[in-house]
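Undergrad: This is the structure I have questions about; it appears just below.
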Amino acid sequence: MIGNQQRWQEDLFIAGPLSGLVPDDHILKQVDRVLDLSWLRKEVTPLYCETNGRPSIDPESAVRLMLAGFFQGIVQDRKLMREAQVNLAIRWFSGYRLDEQLPDHSSLTRIRQRWGEELFRRIFQRMVTQCIKAGLVNGETVHIDATLIRADVSWESLTTEYAEKVIKENVTEQVEDNTDGDGSAKNCSRTGKPKRRSITDPQATLTTSCHSFRMEPSYKQHTAVDDASGVIVDVKTTTGEASEGKELIEQIERVEQTTGKKVEKVTADSGYAHSTNYRALEERGTDAVIPPQTENKHPARIPICRFKYDGKNKLVRCPAGKVLRPGCETDRGCVYRASAKDCNSCPLRARCVSPTAKVRMVLIVNGYESLLRARRRHRRQDKDDRAIYTRHRWRVEGVHGEAKTQHGLRRAARRGLANIAIQVYMTAIVVNLKRLAAFLLLIFAFGRRKSCVCAAVTILNHLFSRLWKIFLRNLQWAHLTT
């Protein structure tokens, strides 16, 4: 028989709680069991006036509304509030009844502005601490990587700016001060490579993750993921042009401060393969599984890898056996210089020295010995290093893919470094909540199964004891009757 549903009849009253309309396997219902924001009101109390103004949105409800949007990949406040109007799960998760009016979307914007980036960072750290107490985080092996977040700007907003802004602002004074007697300018040329920045979001910088891709205005997220269960233990947001290699040591220190354990092993890609990082990791006793950057296979001149460095005597020997002695010191390292006599009579001069140079000079960067040891280790890469670096790819890069495809982190929702940092923190909180909820649900299911088994064993023991008593009683009765 074909059923007939009267779909246009409305009920005035519905018996039962609102939670009964939300399925038990819904992500918000699972997260509600592990999410604890009772401490938040005390943290934000100094930001509000106790005696003046109208009552604000409940702090926990505001955070729950934002989290509900990130769980469903909704990062725009307008779209989130439109969805919350008809979504029972979001209403129940954020604490609003069916007949209760939801706040305006602009209220969430003002809350973010009032609280600031620091408070959302503390919420993220609280969530990491909760994962640590649950036993999800080991803290000994950490995977670190960076990813780009496309800024919320259009290509039409990009303009060219020059490094010397003073010349542009005071062009009249510069022309008057830099003229000769005949009126010709003697030094008015602009120095520095011109850069393109966005007018609407000046903090977004042009960068790319691959040389085959075009440069886009972006921000950069630096992520540290624990190896045990994929929990994000540290995250930081910078401009797109910031070097991820310079953030490595500070990020490891923040991870150790959060987890309370020393990082024994760290993995990263070749973008972190700086000689200073190798040296710093050796000094602090951290095993670095970081592949060095690939060298040019067809160099125009003899590469530096053909030169032998003597760290004890601070000398460099060229492929012809001549000695290069240390010269000037730079921020990156020491420049070693050969003598003109040796280079002029060398048979390898055409392949070694450029036509515009008199002698060959090589730069030995700081931590060069550590870099050589890392290259030797990479050449004889053992089974354990290959296994842990394979885990790096699907651990931290998988987290980035999850955040971008499921939680709306592929493109920035707002503008400004502080707003992007809040979006990154909220996304990391959502990822950690998913792992914590799944972990505790597994423990609950295992405990319930174990309790069922224990109950069955108890019942069987009780039945066996009763049957044994009945057997003994019958045996005694049979003995008395005979």
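Undergrad: Give just the number: which of (1) modelled with pLDDT of 95 or more; (2) of a type outside the set (Lys, Arg); (3) surrounded by fewer than 16 Cβ atoms within 10 Å (Cβ to Cβ) does Ala478 not satisfy?
TA: Exception for Ala478: condition (1).
Undergrad: Considering only residues that are among the polar types (S, T, N, Q) and farther than 16 Å from Ile422 by Cβ, look in the range 47-81 and name the one that is surrounded by the fewest Cβ atoms within 10 Å (Cβ to Cβ).
TA: Residue satisfying both the conditions and the ranking: Thr51.
Undergrad: Let me ask something else about it. If I ask for residues that are β-branched (Val, Ile, Thr) and under 28 Å from His222 (Cβ atoms), which ones from the range 272-304 would you list?
TA: Once the filter is applied, which keeps residues that are β-branched (Val, Ile, Thr) and under 28 Å from His222 (Cβ atoms), the range 272-304 yields Thr276, Thr286, Val289, Ile290, Thr294.
Undergrad: What single numbered condition from (1) over 27 Å from Gly135 (Cα atoms); (2) polar (S, T, N, Q); (3) at pLDDT 85 or above fails to hold for Asn52?
TA: With respect to (1) over 27 Å from Gly135 (Cα atoms); (2) polar (S, T, N, Q); (3) at pLDDT 85 or above, Asn52 is out only on (3).
Undergrad: Hey, another quick one. Return a yes/no flag: does the range 240-250 have any residue that is among the polar types (S, T, N, Q) and outside any loop (DSSP other than H, G, I, E, B).
TA: The answer is no, given that none of the residues of the range 240-250 is among the polar types (S, T, N, Q) and outside any loop (DSSP other than H, G, I, E, B).
Undergrad: Still on this model: Of the residues that make up the range 439-461, is at least one modelled with pLDDT of 50 or more and either of a type in the set (Lys, Arg) or loosely packed, with under 10 Cβ neighbours inside 10 Å (or both)?
TA: no
Undergrad: Under 6 Å by Cβ, and 6 or more places apart or on different chains, what pairs join a residue from the range 109-123 that is surrounded by fewer than 20 Cβ atoms within 10 Å (Cβ to Cβ) with one that is among the small types (Gly, Ala, Ser)?
TA: Sorted first by the residue in the range 109-123, then by its partner, the pairs are Glu117/Ala418; Glu117/Ala421.
Undergrad: Which fully enclosed helices (runs of 4 or more DSSP H) of the range 90-197 have 2 or more residues being within 24 Å of Ala437 (Cβ to Cβ) and either modelled with pLDDT of 75 or more or not small (Gly, Ala, Ser) (or both)?
TA: 105-133
Undergrad: Shifting gears a bit: Can you work out which of the residues in the range 72-89 that are assigned to a helix (DSSP H, G or I) and free of Cβ contacts under 8 Å to residues at least 24 places away in the same chain is nearest to Val424 (Cα to Cα)?
TA: Result: Lys79.
Undergrad: Could you grab me the full set of residues in the range 380-418 that are modelled with pLDDT of 90 or more, touching a helix residue (DSSP H, G or I) at 6+ places or on another chain (Cβ under 8 Å) and in a helix (DSSP H, G or I)?
TA: Val399, Glu402, Ala403, Ala418
Undergrad: Just give me the residues in the range 340-371 being part of a loop (DSSP other than H, G, I, E, B) and either closer than 22 Å to Tyr278 by Cα or in contact (Cβ under 8 Å) with a residue 40 or more places away in the chain (or both), in sequence order.
TA: Leu348, Val353, Ser354, Arg360, Asn366, Gly367
The values are calculated or read from the model by the stated rules, or taken from the named source; none is laboratory data. Small disclaimer: the values here were computed from a predicted structure and weren't measured. Counting neighbours? That spans all protein chains shown, and the Cβs are built from the backbone with ideal geometry, glycine included.
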